[in-house]
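Notes follow the structure.
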Amino acid sequence: MNFAAMNQFSESRVAFNLKWMLPFLGLLFIIVHYWKKRKLYYYALKFPGPFGFPLFGSIHLLKDGPGEVYKMLTTLFGRYPNVFSVWMGKELYIGLSRPKDLEIILNRCLNKGNVYEYTEDYFYDSLITAPVNIWKERRKVINKAFHMTIINSFAEKFLEGGNSLVLNFKGKCNGEPFDVLPSVWRVTFDVACATLGNVDSNLLKGQDQYMLDLMSSHRIIFGRFYNPLYRFNFFWRRSSFGKEAQIIKQRTWNFIDQMIDLKRRTSDGNFQQNYFLDLLIRLEDEKKMSHEEVVKEVQFMFAASHETTAVTVSAVLLALGMHPDIQERIFEELESIFGKSDRDVTLDDVNKMDYLKRVIKETLRLFPTIPFIARRVDQDLRTDSSFYPRGSTVVIPMAHLNRKAEFWPDPLKFDPDRFLTEENQNVPRCTFIPFSYGPRNCMGVKYAMLSMQFTLSTLLRHYKVTSSNYKTIQEIDFGMTIVARPKRGYIISIEKRNRYI
Ligand code: HEM
């Protein structure tokens, strides 16, 4: 055999080998994948669920894009009552709306689902996503900043927030509809600075950019979830989304750094015992937390507090624009407390506002601020009705539970009196969990309720909401980032209640 013939022979052998090698490796990959996940596949089959392609799962459900995730998920929960399973790539998700099992999951499964990893550029390893071993210690320490006496001491700052919104709305009483969210958000942000940070937000530079960056960060987190390639850091960091995420991360971190720096300069080394930012700075000084950890916690806590409360207050106003009779009942309650006086709202007054509190709860039922959360199952878990295998992620649908006719008669009727104790007592636990449930529930429940009561009562003594862009609850189509918001915004019109202004 001459040299050329030998070369041709070995080339054809390589081609032959490659031709068989690639399918062989592919097959091997599939076998290893199924073998490693065999238990998950076995138990997933015990639940009903949508069709899934081998390896890819039900990614066709994502075809309508990030804007339709809310609809896609609520439709799935509606189609499969109680429980269903769905594969997304290599992840098994179990959609669960059976309250008894939810109670067990929320009490025992304290690690977050893998989906939370997509928030890594913003919140990763902060309280919201931290693995249980870190979370437990951190929560214990930070809890000191959420003691009722501390929250009550914020009353004046909550009131200032309400009063500044009253001033802001003065120029909006011309009958023109407007989106109420930006103004409310600005105020909840200032209040977060004044309470959690104990700093004056007017001394911070770049607030508008910070708020815009926060909004963009939601879009980016969802964008990452939607592209399977972005699960790999290699592709993510090189993508335009990934590059934008880095810029935003840097800018938001710089902003938080600026706040920490301001706090340090204005405190002169005298940090208050248990105020949130003071507490974290002390922990950093005592070398119990690194600077990066402090920045991440502050970043998350601020985002968690001002966006959620702004969205909920805006939803209450939207709902009142649709339900003038309910708004009048709130006003009657306020009149029964204040009579003809225009004095400021106090903590004692807020404690008497039972109807307003029920209105906020009914709003959280029909406009679930955080519509879905997820928990990872770290140990096999058997309940009376199902088996939840280790390695799966349970998705918990506040958005769906809150509208299930089984628990809420005439579910789309806005009726705050559902929350009168005697009316409400037959509803099983874990059907109404806007703040989640169990040891890893929302830390800011009391803060949120008190701040929203102050803002709304102050505002509603001065203004009447006269219309909203939605006429019925059915009409509202929600879009979702991390929080759920009506796609057409919170458009309302207002008029003055003449007696006070
Ligand atoms: C209407 C307002 C609010 C709603 C509906 C809400 C809802 C929630 C929900 C559902 C969770 C659980 C998230 C999950 O498991 O993925 C959560 C966690 C959390 N929230 Fe809120 N929240 C609100 C306001 C606040 C406020 C005002 C603060 C702080 C001042 C706050 C601080 C936190 C913290 C620190 C966590 C993480 C707790 C942990 O993992 O240990 N939230 N919130």
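The values are calculated or read from the model by the stated rules, or taken from the named source; none is laboratory data. Please read all numbers here as calculations on a predicted model, not as lab measurements. For neighbour counting, all protein chains shown are included, and Cβ atoms are generated from backbone atoms with ideal geometry for every residue, glycine included.
Out of curiosity, is residue 480 of a type in the set (A, V, I, L, M), buried (at least 17 other Cβ atoms within 10 Å of the Cβ) and within 12 Å of the ligand (Cβ to nearest atom)? Considered against the rule, which asks whether it is of a type in the set (A, V, I, L, M), buried (at least 17 other Cβ atoms within 10 Å of the Cβ) and within 12 Å of the ligand (Cβ to nearest atom), residue 480 comes out as no.
For region 367-385, give me each residue that is over 20 Å from the mean Cα position of the chain (by Cα) and in a loop (DSSP other than H, G, I, E, B).
Restricting attention to region 367-385, the residues satisfying the condition of being over 20 Å from the mean Cα position of the chain (by Cα) are 377-385.
Listed by number, the residues that qualify are 377, 378, 379, 380, 383, 384, 385.
So which residues in region 358-382 are away from the ligand (no atom under 11 Å from the Cβ) and either among the hydrophobic types (A, V, I, L, M, F, W, C) or surrounded by fewer than 16 Cβ atoms within 10 Å (Cβ to Cβ) (or both)? Selection gives 359, 366, 377, 378, 379, 380, 381, 382. From the list 350, 345, 394, the lone residue that is outside any loop (DSSP other than H, G, I, E, B), surrounded by 14 or more Cβ atoms within 10 Å (Cβ to Cβ), over 18 Å from the mean Cα position of the chain (by Cα) and modelled with pLDDT of 95 or more is 350.
For beta carbons closer than 6 Å, sequence separation of 6+ or different chains, a first residue in region 373-394 that is more than 22 Å from residue 117 (Cα to Cα) and a second that is within 16 Å of the ligand (Cβ to nearest atom) and outside any loop (DSSP other than H, G, I, E, B), the qualifying pairs are 383/104.
In this entry, residue 415 is excluded by the filter for residues that are in contact (Cβ under 8 Å) with a residue 12 or more places away in the chain, among the charged types (D, E, K, R) and closer than 23 Å to residue 103 by Cβ. Of the residues making up region 418-450, just one is away from the ligand (no atom under 16 Å from the Cβ) and either buried (at least 18 other Cβ atoms within 10 Å of the Cβ) or at pLDDT 95 or above (or both), namely 418. Filter region 65-106 for residues that are among the charged types (D, E, K, R) and within 21 Å of residue 441 (Cβ to Cβ); which is surrounded by the fewest Cβ atoms within 10 Å (Cβ to Cβ)? Per the stated criteria, the residue is 100. Of the helices (runs of 4 or more DSSP H) lying entirely inside region 69-159, those containing at least 1 residues that are over 29 Å from residue 249 (Cβ atoms) and of a type in the set (Ser, Thr, Tyr) span 69-79, 148-152. For region 132-179, the set of residues classified as of a type in the set (Gly, Ala, Ser) and surrounded by 18 or more Cβ atoms within 10 Å (Cβ to Cβ) consists of 145, 155, 161, 162, listed by residue number. Of everything in region 451-477 that is polar (S, T, N, Q) and over 20 Å from residue 358 (Cα atoms), the residue that is surrounded by the most Cβ atoms within 10 Å (Cβ to Cβ) is 468.
For (1) more than 30 Å from residue 417 (Cα to Cα); (2) without any contact (Cβ under 8 Å) to a residue 60 or more places away in the chain, each residue gets a yes or a no:
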| position | (1), (2) |
| --- | --- |
| 223 | yes, no |
| 255 | yes, yes |
| 266 | yes, no |
| 297 | yes, no |
| 314 | no, no |
| 318 | no, no |
| 325 | no, yes |
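Checked against (1) farther than 30 Å from residue 29 by Cβ; (2) of a type in the set (Phe, Trp, Tyr); (3) over 24 Å from the mean Cα position of the chain (by Cα), residue 77 meets all criteria but (3). Exactly one residue out of 405, 399 is surrounded by 16 or more Cβ atoms within 10 Å (Cβ to Cβ), among the small types (Gly, Ala, Ser) and within 24 Å of residue 471 (Cβ to Cβ): that is 399.
Taking every residue in region 124-135 that is in contact (Cβ under 8 Å) with a residue 40 or more places away in the chain and pairing it with any residue that is within 11 Å of the ligand (Cβ to nearest atom) and of a type in the set (Asp, Glu), at least 6 positions away or on another chain, the pairs with Cβ-Cβ distances below 9 Å are 126/297; 127/297. For region 136-149, a residue qualifies if it is closer than 18 Å to residue 454 by Cα and within 11 Å of the ligand (Cβ to nearest atom), and exactly one does: 146. In summary, helices (runs of 4 or more DSSP H) completely within region 240-338 and bearing 3 or more residues that are over 26 Å from residue 129 (Cβ atoms) and either within 15 Å of the ligand (Cβ to nearest atom) or in contact with a helix residue (DSSP H, G or I) (Cβ under 9 Å, 6 or more places away or on another chain) (or both) occur at 240-267, 291-322, 324-338. If you go through region 162-181 and pick out every residue that is part of a helix (DSSP H, G or I) and within 16 Å of the ligand (Cβ to nearest atom), you end up with 2.
Here region 182-216 is the region considered, the condition is being of a type outside the set (D, E, K, R) and either in contact with a Cys (Cβ under 8 Å, 6 or more places away or on another chain) or part of a loop (DSSP other than H, G, I, E, B) (or both), and the residue that is farthest from the ligand (Cβ to nearest atom) is 206.
Yes/no per residue for (1) of a type outside the set (A, V, I, L, M, F, W, C); (2) closer than 30 Å to residue 304 by Cβ; (3) at pLDDT 90 or above:
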{"residue": "19", "(1), (2), (3)": "yes, no, no"}
{"residue": "29", "(1), (2), (3)": "no, no, no"}
{"residue": "34", "(1), (2), (3)": "yes, no, no"}
{"residue": "69", "(1), (2), (3)": "no, yes, no"}
{"residue": "98", "(1), (2), (3)": "yes, yes, yes"}
{"residue": "103", "(1), (2), (3)": "yes, yes, yes"}
{"residue": "116", "(1), (2), (3)": "yes, yes, no"}
{"residue": "121", "(1), (2), (3)": "yes, yes, no"}
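Within region 225-240, the only residue that satisfies the criterion of being of a type in the set (Gly, Ala, Ser) and more than 20 Å from residue 67 (Cα to Cα) is 239.
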